[in-house]
Structure formats: structure tokens, C-alpha cells
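Before I ask anything, here is the structure I am working with.
No value in this document is a laboratory result; all are computed from the given coordinates. Since we're looking at a predicted model, the values are computed, not measured. In this analysis, Cβ positions are derived from the backbone assuming ideal geometry, glycine residues included, and neighbour counts consider all displayed protein chains.
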Amino acid sequence: MEPLLVALITLNVSCLAAFQWGRRRYFHQAGNDRIRGWLGPLGTIFAAAQLPLVWVGGHYSDSFLIIIAELLYALSLCLFFWTVNSHQERPGIAFTPGAPAVLVTTGAYRVARHPFYLAYLLFWGGVAVVAPFASGLPIFVVMSILYARTAVYEEAGIMRSPLASDYTEYRSRVGMFFIWPR
């Protein structure tokens, strides 16, 4: 097997393992929200579906595209663990109702208001690069919409909390998913 393909699959599976660790062991599981209940199965289905797409796409993709996907996976992993290290306490999992106890604006939160979701988007972007027409691109679009919806939901909770004024100032400096402000 080609070294580029081995690296591609290794980085892909490493991202999936990190995200699964986060879902199972890191994020605080609060409440039993109906929306949050389908996130795990949906993520598992998409993760299982994308691996063969990446395998096949890796065999037929140009080396340049494979390297781009590998870079996206590596950035995803680095950002994910930088975000983990940016927290003093474990954050709630997606769609946790209410606001966090503390507003985190340091570490990875200096470059994006939702760096976990950005890490996931980088991963799905890597999938879309090597398997764009075999479902990688549609999965990327669906997951992007899901992360944006989740971010808006979470920000609405923060804006109804005592953290609202601090968060308003933070939002003026830092973009939702991107390094530049909105």
C-alpha cells in the first residue's frame, strides 16, 4: 500500500478515535435532550460511511489532493486537542441546554468561538477533498449545517445568561468558525 494512502487512513482514523473519545469520555453529558440523542448515531453512520469513501477516493485521487486531506486531518487533530487544553473544566456536549458556567476566550477560543466544531469541519473537509462526488461533499454540507445550527443554539443560551455582555464583546472580536472576526 502506498505511504500516502497509509498516512491518509491513519490520520482519518485518528480523528475519528479522538472525536469518539471526546463524545464518550470528555464532554459533560447533561440532560437527555431529544436533538442531542440523534447526534451520536448520525455521527457514527457518517463516520462509517466516509471511511470506505476515503479508502476508494485515496486510491483514485491525485497525490496533491491526498496531501491536502492529510493536512486538514492533521489540523483537525491539533485544533481538537488544543481546544481540549483550552478548558479548565469539561464543556457540555452539543445541544447542552443553557450557558456554560465560564466563558472561555483563551487558547483555541482566540481563533474561533466554536473551535471544536471547526475541528470537525476540517475533518469533514478532508473527506470531501478525497471523495468529493462519492458523498464526501454532501456529508460535508450536512455536517456544516448541523454545526452551524448547534453553534447558533448554544450562542442563544449564552445570550440569555449573565455572560451575555461579555459574549457580545467576544463575538465582536472572534468569528464563529473562522479566525477573522465577523
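Can you give the FRET efficiency for residue 178 and residue 59, using 1/(1 + (r/R0)^6), R0 = 25 Å, r = Cβ-Cβ distance, to the nearest 0.05?
For residue 178 and residue 59, the calculated efficiency is 0.20.
As a footprinting exposure proxy, order 78, 15 by other Cβ within 10 Å, with the fewest listed first.
Ranked by crowding around the Cβ, least crowded first: 78, 15.
Which one, 140, 177, 162, projects farthest toward the positive side of the charge dipole computed for segment 45-182 from Cβ point charges (K/R +1, D/E -1)?
Checked the options; the winner is 162.
Sticking with this structure for a sec: Amide H of residue 113: which non-local residues (sequence gap of 5 or more, or other chain) have their own amide H closer than 5 Å, using H built in the peptide plane?
For residue 113, the qualifying residues are 175, 176, 177, 178.
Would you mind computing, in nm to one decimal, how far apart the modelled labels at residue 2 and residue 171 are, each placed 7 Å from Cα along Cα→Cβ?
Here the modelled spin labels are 4.6 nm apart.
Say each of residue 90 and residue 155 gets a label point 7 Å from the Cα, pointing the same way as Cα to Cβ; how far apart are those two points in nm?
Distance between label points: 2.7 nm.
Given charges of +1 on the Cβ of Lys and Arg and -1 on the Cβ of Asp and Glu, with all other atoms neutral, how large is the dipole of segment 3-173 about its Cα centre, in debye to the nearest 20? Could you put the intermediate results ahead of the total?
Numbers: 12 positive and 8 negative charges, 73 e Å.
Computed about the Cα centre, the dipole is about 360 debye.
For residue 92, what residues show an amide H to amide H distance below 5 Å, using hydrogens built from the backbone and excluding near sequence neighbours?
Amide H to amide H, under 5 Å and 5 or more residues apart or across chains, residue 92 pairs with 28.
Right, here's the next one. What is the distance, in nm, between label points placed 7 Å from the Cα along the Cα-to-Cβ direction at residue 21 and at residue 142?
Taking the simple label geometry, residue 21 and residue 142 are separated by 2.7 nm.
Taking neighbour counts of Cβ atoms within 10 Å as a proxy for exposure, in what order, fewest first, do 167, 117 appear?
Fewest to most other Cβ atoms nearby, the residues stand as 167, 117.
Which of the listed residues, 53, 84, 122, is farthest toward the dipole's positive end in segment 26-168, when Lys, Arg count +1 and Asp, Glu count -1 at the beta-carbon?
Result: 84, furthest along the dipole toward the positive end.
Run the helix sum for the chain: -39,500 (n - 2.57) per DSSP H stretch of 4+ residues, divided by residue count, reported at 222 nm to the nearest 500 deg cm²/dmol.
Working: 6 runs with 118 residues, N = 182.
One gets -22500 deg cm²/dmol as the mean residue ellipticity at 222 nm.
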